[in-house]
Amino acid sequence: MVIVPKVRGFICTTAHPEGCKAHVQAEIDYVKQHGPILNGPKKVLVLGASTGYGLSSRIVAAFGAQAATIGVSFERPASDNRTATAGWYNTAAFETLAHQQGLYAKSINGDAYSEEIKEQTLELIRQDWQGGVDLVIYSLASPRRINPRTGETLNSVLKPIGQAFSGKTINIMSGELSTVTIEPASEEEIRHTVAVMGGEDWEWWMESLKNANLLAKDAKTVAYSYIGPELTFPIYHQGTIGQAKVDLEQTAARLTKCLQQEGGQGAAYISVNKGLVTQASAAIPVVPLYISLLYRVMKEQGTHEGCIEQITRLFADRLYAGSTVPVDEGGRIRIDDWEMAPAVQKEIALRWSKVDATHLAQYADLAGYREDFYKLFGFEWPGVDYSADVDANVEIESVNE
Ligand code: NAD
């Protein structure tokens with residue numbers, strides 16, 4: 001079939017297999033150009049490995065450090081006249097390209113929050129990886145989680161806490177600016193959001209791996225977080241999702257203690273990453289307008305990065321740069337340093353106060369935002385013939401074994 005983008009709200013319901021392959025290839029090319037990551041991890045488990053920061057983590061581990069990778073994600077294959085999700089095509093492309101380089105790469109598709117998928121992953125590691133995992137990347141982003149121990153369905157919300165918040169927001173597709181008012185979350189909504197996006201599931205993964213003796217000595221684990229500037233604080237850092245990230249940080253501290261029992265040098269880190277267009281961030285009110293201003297300013301200043309550049313710096317300049325991992329006063333790895341640079345934030349604050357329908361084109365990189373959005377789903381990649389008939393049924397080599 002000929003596949004065209006079909007955008008509904010902040011999601012595109014179609015994805016292009018050839019374009020997704022071009023995306024994965026472009027990230028691999030970047031990593032290869034950057035050069036090898038010396039002393040990198042050799043066996044890496046990536047939870048949330050199919051898109052965004054998780055996909056880039058898998059690519060940097062494999063093509064930068066020559067690591068064997070197992071990726072867990074929850075994606076939909078093609079069916080009838082529906083395309084697969086972008087994450088499905090990305091995973092298929094990643095595996096094919098990794099196998100061509102002689103790299104071990106297997107993927108598990110299913111609900112990472114469930115006991116069943118944890119068991120399946122543990123079994124695969126037990127079977128294939130002697131000596132266990134030496135890096136676990138936790139990059140799940142989901143609106144929902146079923147707690148496998150209680151059966152409760154938990155739904156995360158993106159709301160302020162304590163009081164309603166009104167702020168500028170944008171419909172990225174139409175370019176229409178408006179003011180959005182979001183009512184504060186209830187206690188129940190905060191509890192749910194922390195249970196979905198906080199540290200509980202990360203801790204359960206790490207406990208299961210440790211109890212099964214599948215962690216290498218000195219294993220590291222990293223979960224991703226975001227802080228951002230004050231102008232998004234009410235909806236992000238001080239909102240429900242921010243609460244979940246606080247929980248994630250508390251989990252990291254507990255996990256580090258656990259990893260350092262018996263004299264090990266392992267540690268759990270929070271890496272604070274840059275705000276970027278991904279399927280998860282497109283869903284957050286206010287944030288897309290901020291990101292489109294951010295893109296403009298960082299491109300002007302020559303410091304703009306995407307997921308792959310960010311994660312390359314995380315591995316090469318932070319996690320595997322030497323005997324210690326540089327962290328801030330709160331113990332967090334900061335690869336949002338260029339986003340948070342005073343020269344960037346000062347300019348954004350100025351533009352934020354002035355941005356309106358008349359000045360939108362002048363201040364915001366809407367074209368760049370839209371391009372990145374379409375690219376997430378495999379569209380707008382150079383060299384791909386979008387008028388050609390393509391087979392939407394693509395297999396992930398290890399998933400169909
Ligand atoms: P994303 O939507 O691109 O990726 C989410 C991944 O989680 C996908 O691989 C998806 O398949 C997987 N997933 C979702 N539910 C699952 C389930 N039940 N079982 C298995 N896999 C599941 O998201 P992203 O933006 O890359 O976010 C990843 C992490 O990075 C999040 O913690 C997010 O808060 C953080 N982060 C994102 C940004 C940003 O601007 N995008 C900035 C800083 C930090």
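A few notes on this one:
- Selection count where residues are under 17 Å from Arg334 (Cβ atoms) and part of a loop (DSSP other than H, G, I, E, B), scope segment 234-263: 2
- Members of segment 348-375 that are loosely packed, with under 11 Cβ neighbours inside 10 Å and aliphatic (A, V, I, L, M): Ala357
- Qualifying residue in segment 218-234 (condition: free of Cβ contacts under 8 Å to residues at least 60 places away in the same chain, open to solvent by 20 Å² or more (accessible area, probe 1.4 Å), farther than 29 Å from Trp352 by Cα and within 20 Å of the chain's Cα centre (by Cα)): no
- As for segment 28-44, it holds no residue that is within 13 Å of the ligand (Cβ to nearest atom) and crowded, with 24+ Cβ neighbours inside 10 Å.
- Cβ-Cβ under 6 Å pairs, at least 6 apart or on other chains, segment 354-381 side among the charged types (D, E, K, R), far side not in a loop (DSSP other than H, G, I, E, B): Asp365/Ser292; Asp365/Tyr295; Asp365/Arg296; Glu380/Glu371; Glu380/Tyr374
- Once segment 318-347 is narrowed to residues that are farther than 23 Å from Ala253 by Cβ and part of a helix (DSSP H, G or I), the residue that is least open to solvent (accessible area, probe 1.4 Å) is Val344.
- Of all residue pairs spaced 6 or more apart or on separate chains, those with beta-carbon atoms under 6 Å, a first member in segment 64-84 that is closer than 16 Å to Gly40 by Cβ and a second member that is part of a loop (DSSP other than H, G, I, E, B) and open to solvent by 10 Å² or more (accessible area, probe 1.4 Å) are Gly64/Ile37; Ala65/Ile37; Ala65/Gly40; Ala67/Lys42; Ala68/Tyr104.
- Candidate set from segment 151-163 (those that are touching a strand residue (DSSP E or B) at 6+ places or on another chain (Cβ under 6 Å) and surrounded by fewer than 16 Cβ atoms within 10 Å (Cβ to Cβ)); member that is farthest from Ala283 (Cα to Cα): Thr153
- Within segment 125-150, the residues that satisfy the criterion of being away from the ligand (no atom under 15 Å from the Cβ) and either open to solvent by 20 Å² or more (accessible area, probe 1.4 Å) or not in a strand (DSSP E or B) (or both) are Ile125, Arg126, Gln127, Asp128, Trp129, Gln130, Gly131, Gly132, Asp134, Arg149, Thr150.
- Segment 46-86 - residue that is within 13 Å of the ligand (Cβ to nearest atom) and out of contact with any helix residue (DSSP H, G or I) (no Cβ under 7 Å at 6 or more places or on another chain) and, of those, most open to solvent (accessible area, probe 1.4 Å): Phe74
- If you go through segment 361-386 and keep only what is within 15 Å of the ligand (Cβ to nearest atom), hydroxyl-bearing (Ser, Thr, Tyr) and under 20 Å from Glu18 (Cβ atoms), you end up with just Tyr374.
- For Ala84, the requirement of being in contact with a strand residue (DSSP E or B) (Cβ under 7 Å, 6 or more places away or on another chain) and outside any helix (DSSP H, G or I) is not met.
The values are calculated or read from the model by the stated rules, or taken from the named source; none is laboratory data. Just so you know, these numbers come straight off a predicted model, no measurement behind them. For neighbour counting, all protein chains shown are included, and Cβ atoms are generated from backbone atoms with ideal geometry for every residue, glycine included. Accessible surface is based on the protein model in full, side chains and every heavy atom, while ligands, DNA and RNA are left aside. Shrake-Rupley method; radii C 1.70, N 1.55, O 1.52, S 1.80 Å.
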